[in-house]
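Working notes, structure below.
What follows draws every value from the coordinates through simple rules; no lab data is involved. Please read these numbers as outputs of a predicted model, since none were measured by experiment. Backbone-built Cβ (ideal geometry, glycine too); neighbour counts: all protein chains shown.
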There are 2 protein chains.
Amino acid sequence: MGQAYLKNTPVREALNAYLPVFGTHPATTAEQVPVTRAAGRITAEAIYARQNVPHYLACAMDGIALRAADTFGASDLEPAILSTSQFTVVDTGDPLPDGCDAVVMVEEIIRRGDLTLLMVPATPWQHIRQIGEDFSAGDMLLPSYSPLTPGALGTLVAGGVLTVPVLRRPTVTLIPTGDEIVAPDSDLRPGQIAEFNSTLFGSLLQSWGAVVETTAIIPDQLDALLQAVQSAASCSDLVLVLAGSSAGRDDYTTQVISTLGDVFCHGLAIRPGKPAILGRIGSVPVIGLPGYPVSGLVVLEEIVAPLLRQLYKLDIPFRPAVTAQLSRRLISSLKYQEYIRVRLSLVNSRYAAIPLERGAGLVSSFLKADGWLVVPQDCEGHEAGDMVEIQLLRPLGAIARTLSVIGSHDPLLDECMDLLAREPDSTVELRSSHAGSFGGLLALRRGEAHLAGIHLLDEVSGDYNLAAVAKNFQRGEVVLVEGVYRQQGLMVAAGNPLQLSGLADLARPGIRYVNRQKGAGTRLLFDYQLRQLGLEPNQIAGYTREELTHTAVAAQIKGGSADAGLGILAAARIFSLDFIPVAEERYDFLILASVYETPAVQQFLAILRSSSFRERLERLGGYRIDQIGRVLSHA
Amino acid sequence: MGQAYLKNTPVREALNAYLPVFGTHPATTAEQVPVTRAAGRITAEAIYARQNVPHYLACAMDGIALRAADTFGASDLEPAILSTSQFTVVDTGDPLPDGCDAVVMVEEIIRRGDLTLLMVPATPWQHIRQIGEDFSAGDMLLPSYSPLTPGALGTLVAGGVLTVPVLRRPTVTLIPTGDEIVAPDSDLRPGQIAEFNSTLFGSLLQSWGAVVETTAIIPDQLDALLQAVQSAASCSDLVLVLAGSSAGRDDYTTQVISTLGDVFCHGLAIRPGKPAILGRIGSVPVIGLPGYPVSGLVVLEEIVAPLLRQLYKLDIPFRPAVTAQLSRRLISSLKYQEYIRVRLSLVNSRYAAIPLERGAGLVSSFLKADGWLVVPQDCEGHEAGDMVEIQLLRPLGAIARTLSVIGSHDPLLDECMDLLAREPDSTVELRSSHAGSFGGLLALRRGEAHLAGIHLLDEVSGDYNLAAVAKNFQRGEVVLVEGVYRQQGLMVAAGNPLQLSGLADLARPGIRYVNRQKGAGTRLLFDYQLRQLGLEPNQIAGYTREELTHTAVAAQIKGGSADAGLGILAAARIFSLDFIPVAEERYDFLILASVYETPAVQQFLAILRSSSFRERLERLGGYRIDQIGRVLSHA
C-alpha cells in the first residue's frame, strides 16, 4: 500500500537522463534486404544510384529522329525537304538512332508523296531525354535512416539498386504480470482481468516497425519475474514489463531491474502514466509500464517512442495537432503534466474540444477520444472557451466528416452509426456520447454537437421535448425532429425473484435501486413517477447510486449488486432481464438549425426513415414508430 | 502513332460512370480472424461487447471496504469506530467483498491500537468501479467497416471479443507489359527500361491493405496480353495492366479488355495520367495504368483508391493539405486537371510552394516532391504569390524541420544531408534542389530557401560571390559563409581519346561539348574562360546543349553523346572519366540572415566544420578546405 517513494520526474528530465545511456544504433546491425521486401524499413546508410535514368538517349516524343543541321533554315516558304535516308521514325522511349541529335513531333511533319517536309528548323537536342535526366549513377538517392516509402522503392529499382542495407527491426518483449491477470479466453471470476494490454501495446509497437514477442503471464512472485525479465533481456532489444494495478506490484519490477541492472527513474510527473519505471539490464532498456491501458499508452508515446527513434531510427509518426475551443473549464495539477482525452466536434467551421472522463482504466476511451490535450506541469488548467492545441488520435479528415451527437443515451444511436457506415454513398461518420437530455441541450447551445437525442417530459402538458426546447432556445436556433416512442420500465433479475410489480414496490425494505445521473431524461421520468406515487427520493435505497447509460444500469442488476432500475426494453433484453413497463415516452432528435441542411444531417435523417433502421429497432425491441423524421418544431 | 481517339473524361465524371458498375462489397466475403492477427483489417459488421468491463464491482482505491451505513454520522468529534469484522483491507482492482458498499482510502483511516477510526462518513458506492463503468455487454464497440487500430484491438479483447469478422483483403494483380520492359536485374541495353512500376505501385497498394501479385512481363503481343489479363481476371479482385510508354500499347489493352469485357472510359482529363483505361471483365475491374510512374500514381490515387474504398472499405488515408504561397507563375491547360509536384519550404513561418519539373517519367520526383498542387480543369493557373492548397506527399512535421537549400549543384550537399541524418542530436533534414547559383540568389530573395550554394566569379576582382551578394542584397539580409575550394575542369572520356588539353581544344572541328544551364556558376566560369581565350560561343559545338548538374554532364560524356564538359572532379570520378583541371573556384554558402541563428542552420554549419565532412570531401576528391564556416560577409 502506498507508493510515497515514487518520484515525480518530468518527462524531459527523465529522457535526458535515460536516452544517453544507450547511445545510438550500432551500425553493425544493418542487414541487406531485397527492395521488394523492404517496404517500411529504414536505410542503414546513404544509397547511391547505380545507373543513369534514362541510361540512353531516348526519344521523348512520337515522330522522327534526324540531324538538326539538316533542317537549319527551314521556313514556311522554304521547307526542309528530307529524304527517307535522313530520318528514322521513332516512338516515345525509343533509343535515339546513331547520328541523330533531334526529334521532331509527328504533328509537325508534312508528307507530300515520298517527301517529308518540315516548316520549322529543329534545335539540336530537342525532344530528347538526356542520359541521367531523372538522375545519374552516383547521385545520392536516399540519405541514411530514410523510411522506404513506395516512391523510394520504385526509385531504387529504377536506379539499379535491388538490395538495400536496412536497419534491423528491434525485438520488443512484453511481459504481462499479475496474479489477477488471466488469458483473454479464460472464464473471468470476480477480481480477474483479461490480459488485453499486450494486444493494445503490441499492435502499436508493430505498427511502429518493431518485432513483438509476448511471454506467458507472470504471477506476482519475485523469482518468477526475475527469471522472465532476465530471459527476455538476454534475447530482446527492449523489454516492457506490463504491471498490474494492485499495490506492491511496482516494487517487484524495480527490485528485479535493480537486481539484474539499474533503475534510472521510478515515477514520472505525468498523469496518467506516473508509475513508469525506466531501467536497463546490460545494454538492453527495460521499462515498467503502468497497468492501466491509458497510462501505459502515454508512457509508450512519451518514453518508448523517443527511445526507439533514437536507437532504431523507427519512423514513428508524430501526432498532428489542431487548434480547438475548449468546451469547459479544466483544472490540472501542478504536480503532473496531464494528458486529457477529448472528443472533437467540427460545428460551423469551429472545432470544439470536449474533455472526456479521465479514468486511466477506461480502455474504451481509445474508441471515443479524438485527441489528447496535454496540459504542461506548470499550467493550472484552462478556462472554458480557451483555444487549445489538441494532438490527434484520429485523422482530422474523419473528425471533420463526423456527425457529433451528444445527449440522452439510446442504443438506437449506435445502430444509426452502423447503418451510416454501411451506406454506400455515406460521407458521414456518427459519434455519440452520453450526457443525458439536458447535457444534449447544453452541448447544442455551446456548439459542441450537431444534434442531441432528448426525451424530456413536460409535466404540465404531458408531451415531450417541445416545452424544454422552447424554454432553452431562441426561435430559429434548432429544429426538433420526431424520433421514436419507447417503453421505459423497471428492469429486474430474470424471473423477477423479488416479485416487484411497479415503482411503488421500490420503497419496500431491502430493495436496492440503481438510478441514472442528474440531467438524464430517465431520471426526470423517475422523479415524476415518484411524485405521482407520493414517494420521496430518500425512501428509495440506492437513489443516489448513478449510472450513465441504460445498459450500465442493466449490468448492475445482472451482476446482482442492485435489484431494480428504470430503463428501456432494449437494455433489459441485452442482459436477459425481466422488464416491467412503466411508461411510453418520445425520444426525439434536436438539431442545430445552422447544420440542418448539411449532407451529414440529411443522410442521418434518411437513415432514420429507412426500412433497415426499422428492422434494427424491431430487433432491439420496445420501440414504436409513428411519424419518424417529421419536423416537430423549428423553434 | 497518335492517340487522337482518346477522350478527355473528367475524373468525377469517370468515377460516377465507373464506380456504380461494381456496387458495394458483398457481405459474403467476410472472414473470421483472431484479434491478435487483425491489426489494420476492417470490420465486416458491427461488433458488440461480449462482457462488461469491469465485469465485477471493483475497489477503485487501496484501503478498506465496508458498509457505508456503519460510518454514518462520523465526525472529528465522534469518529466511527470499526471493529476488524466490519471491514476488509482491499487493494485497487480487488473485487468488492460481499456485504460491502463503499471503499475508504487508506489515507483517511486512523488506527488506534486495534481500533480503526473514520472521521468522515462514507457515501454508498464511493471509490467503487461499477460493473460496466467502461462499457457493458451488448454495447456496440465498433460499427461496420471500422479499421482495427491498436486501441480498437485492445478494447475488443477487454470486451471478450477474441475473433472478429473482417472484410477479406482484395487481391490485386499487376501485369507489367511492353517489349522494352525488362526485369530489373537485367543488363540494360539502349531502349530497355527496368520494370520498377510494379515495385512502386505494388508497395503502395500493399500499404493500402491489398494483397498484390505481379505477373511476368508480357510482351507487346495481343494473344499474350489477352491470356495474361484473362487469367488474372479469373483469380483477382482487381487487375491493373501497367502499360509501357511506346505508342500503340494502349490499343492492345483496350482491345483486350473490350474482347473479354467492357471498356468504360479511355482517357482522363488529367495530366499526368491521361491514357488511363477503365474497364471490367465479368465483375472484376480491369484498369490500364499509364506507363510513366507519376501518371500511374495519379490514376492510382484518383481512380483505384476510390474503387478500393468503395468495394473493400480499405482505410486509404486522404492526403492532408497545407496552404502555401506559390513561388512562380503557373500556367495550366483548360483541357486537363493538372497535378503539379512542388517542394515546400518553411521559411520564417511561411510555406513557399516551388513547382518542380512536370515530366511524368521522373521517378525521382517521388523523393523530391513534398506535395501536389492540383489545378482544376477550369482553372488557367495561378500567379506568383497566390496562396494555394498543397496536398502533402511528405509529413508536414518533416517538411517543417527541413533546411531548404536551393542553388548551385554540388554532391557535397548530399553528403551534408546524410551527415545531418546520421547526427544523433540532429533535428533537421536537408533537402537541396539545383537551380544554379543565380537561381539560389533568387530563391533566397523570394524566401523560398534558407540557404544557397553559390560560386559566382567576379571578373573584376577575380574573387568569388562577394560582389554578387553585395549587388543583389540589402545590408543585413544575408550572411555569406565560406565553403570549399574546388577544381573545375574538362571531363573527357577515360584515356582522353581525343587528346584534349584544355578549353582551347573545344573549338577543334568535331568536338562535341555539353554545357550547363544559364545561371549556373559553371556556365559563367566557362563563358569567362572562353573570353579569356578569345573564343565565341558559336565556335563551340554543343554550347546550347544544357544539363542541370555536374553528374548529368558527366553522364552524357560517359554515354558517348558528348566529348567534353566543364565540371568538378567529383562528378568525373563517379563516371571514371578523365579530368583536365581548368580553374579552382570557391563554392560558398549564402544564408538568409533571418534564419542564421536557428538550430537548423547552426547544425548545418557544425556539420561543415566536422571531421566527418572533411573525410567525405576527401572521398569525393577535388576539394580543398581553407577556413570553412567563416563568415565572409554579413551583407
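Excluding B:GLN377 itself, what net charge comes from residues whose Cβ is under 11 Å from its Cβ, given Lys and Arg +1 and Asp and Glu -1?
Working: positive: B:ARG12, B:ARG271, B:LYS335; negative: B:GLU13, B:GLU338, B:ASP378, B:GLU380.
That works out to -1.
Within region B:403-496, the GluC sites (Glu not before Pro) that combine a DSSP coil assignment with at most 14 other C-beta atoms in a 10 angstrom radius are B:GLU459.
Looking at region A:167-289 from every direction and averaging, what is the projected area of its Cα convex hull in nm²?
Values: hull surface 31.5 nm².
Taking the Cα atoms of region A:167-289, their convex hull projects to 7.9 nm² on average.
The distance separating the Cα centre of region A:117-178 from that of region B:152-201 comes to 18 Å.
Quick one: compute the contact order of region B:58-129, relative version, from alpha carbon pairs under 8 angstrom and 6+ residues apart, as a percent.
Details: 169 pairs, mean separation 34.4, N = 72.
Relative contact order for region B:58-129 comes out at 48 percent.
If you add up the charges near A:ALA122, with Lys and Arg at +1 and Asp and Glu at -1, over every other residue whose beta carbon is less than 11 angstrom from its beta carbon, what do you get? List each step's numbers first, then the result.
Values: positive: A:ARG67; negative: A:ASP70, A:ASP101, A:GLU108.
So the environment of A:ALA122 carries a net charge of -2.
The label point for B:GLU213 and the one for A:MET119, both projected 7 Å from the Cα toward the Cβ, are 5.3 nm apart. Per-residue extension of 0.36 nm, minus the Cα-Cα distance of A:GLN255 and A:SER594, leaves a gain of 116.0 nm for this segment.
Shown for B:SER295, A:SER283, A:SER610, B:SER461: other C-beta atoms within 10 Å of each C-beta, ranked fewest to most, produce the order B:SER461, A:SER283, A:SER610, B:SER295.
So for the protein assembly as shown: antiparallel DSSP bridges make up what percent, rounded to the nearest 5?
Values: 167 of 229 bridges.
Once the DSSP bridges in the protein assembly as shown are tallied, antiparallel ones form about 75 percent.
Pairs from the table (B:LYS7/B:LYS274; A:LYS274/A:LYS335; A:LYS313/A:LYS368) lying more than 19 angstrom apart at Cα are A:LYS313/A:LYS368. Each of A:THR427, B:THR116 was scored by other Cβ atoms within 10 Å of its Cβ. Listed from fewest to most, they are A:THR427, B:THR116. If you wrap the tightest convex hull around every Cα atom of region A:444-552 and split its volume per residue, you get 137 Å³.
Hull volume per residue, based on the alpha-carbon atoms of region A:58-129 and their convex hull, is 71 Å³.
In a DSSP loop and with at most 13 other Cβ atoms within 10 Å, the GluC sites (Glu not before Pro) in region B:565-635 are B:GLU597. Sorted from longest to shortest, the spans of the Cα atoms of region A:1-140 along the three principal axes equal 102, 29, 24 Å.
Here the spin labels are modelled as points 7 Å beyond Cα on the Cα-Cβ line, and at B:ALA467 and A:ASP179 they lie 8.8 nm apart.
How high is the relative contact order of chain B, given as a whole-number percent (alpha carbon pairs under 8 Å, six or more residues apart)? Don't skip to the end; give the middle numbers.
Numbers: 1383 pairs, mean separation 67.9, N = 635.
For chain B, the relative contact order is 11 percent.
Here the extension length gained between A:ARG624 and A:ALA17 equals 212.1 nm, from 0.36 nm per residue of separation less the Cα-Cα distance.
Can you pull the Rg over Rh of region A:240-323, Cα-only, Kirkwood?
With Rg and the Kirkwood Rh in hand, the quotient comes to 1.00.
Within the shell defined by Cβ-Cβ distances under 10 Å, the residues around A:ARG168 carry a net charge of 0, with Lys and Arg each +1 and Asp and Glu each -1. Which residues does a label at A:THR84 reach in region A:90-132, if reach means a backbone N under 17 Å from a point 7 Å past the Cα toward the Cβ? Flagged as within label range: A:90, A:110-117. For chain B, the longest principal axis of the alpha carbon atoms and the long axis of helix B:436-445 meet at an angle near 50°.
Two decimals is fine: what is log10 I(q)/I(0) at q = 0.04 Å⁻¹ for the protein assembly as shown, from a Debye sum with one equal scatterer on every Cα and no solvent? So the normalised log intensities are -0.29. Rounded to the nearest 5, the antiparallel percentage of DSSP beta bridges internal to chain B is 75%.
Placing R0 at 51 angstrom, the Cβ-Cβ distance between A:ARG37 and A:ALA400 gives a FRET efficiency of 0.90 after rounding to 0.05. Shown here: region A:338-454, whose C-alpha atoms stretch 47, 32, 29 Å along the first, second and third principal axes, sorted largest to smallest.
Per residue, the convex hull spanned by the alpha carbons of region A:60-183 comes to 191 Å³.
Report, please, the projected area of region B:518-601 averaged over directions, based on the convex hull of its C-alpha atoms, in nm². Could the numbers behind the result be given before it?
Working: hull surface 29.8 nm².
Mean orientational projected area (region B:518-601, Cα hull): 7.4 nm².
Set the Cα radius of gyration of region B:321-395 against 2.2 N^0.38 Å, with N its number of residues, and you get 1.03. Ordering B:SER610, B:ALA194, A:GLY476 by the projection of their Cα atoms onto the charge dipole of the protein assembly as shown, which places +1 on the Cβ of Lys and Arg and -1 on the Cβ of Asp and Glu, puts A:GLY476 at the extreme positive end.
Between region A:563-612 and region B:340-356, how many Å separate their Cα centres? First find each Cα centre; the distance between them is then 50 Å.
Fewest first, what order do A:HIS450, A:HIS434 take by the number of other Cβ atoms within 10 Å?
Listed from fewest to most nearby Cβ atoms, that is A:HIS434, A:HIS450.
Taking one quarter of the surface of the convex hull spanned by the alpha-carbon atoms of region A:444-498 gives a direction-averaged projected area of 6.3 nm².
Assuming R0 = 60 Å, what is the FRET efficiency of A:GLN221 and B:ALA321, from their Cβ-Cβ distance, to the nearest 0.05? Intermediate results must be reported in sequence, preceding the final value.
Details: r = 55 Å, r/R0 = 0.91.
So, using R0 = 60 Å, E works out to roughly 0.65.
Looking at chain A, I'd like the Rg to Rh ratio, where Rg is from alpha-carbon atoms and Rh is Kirkwood's inverse mean 1/r.
Values: Rg = 34.1 Å, Rh = 30.1 Å.
Dividing the radius of gyration by the Kirkwood radius yields 1.14.
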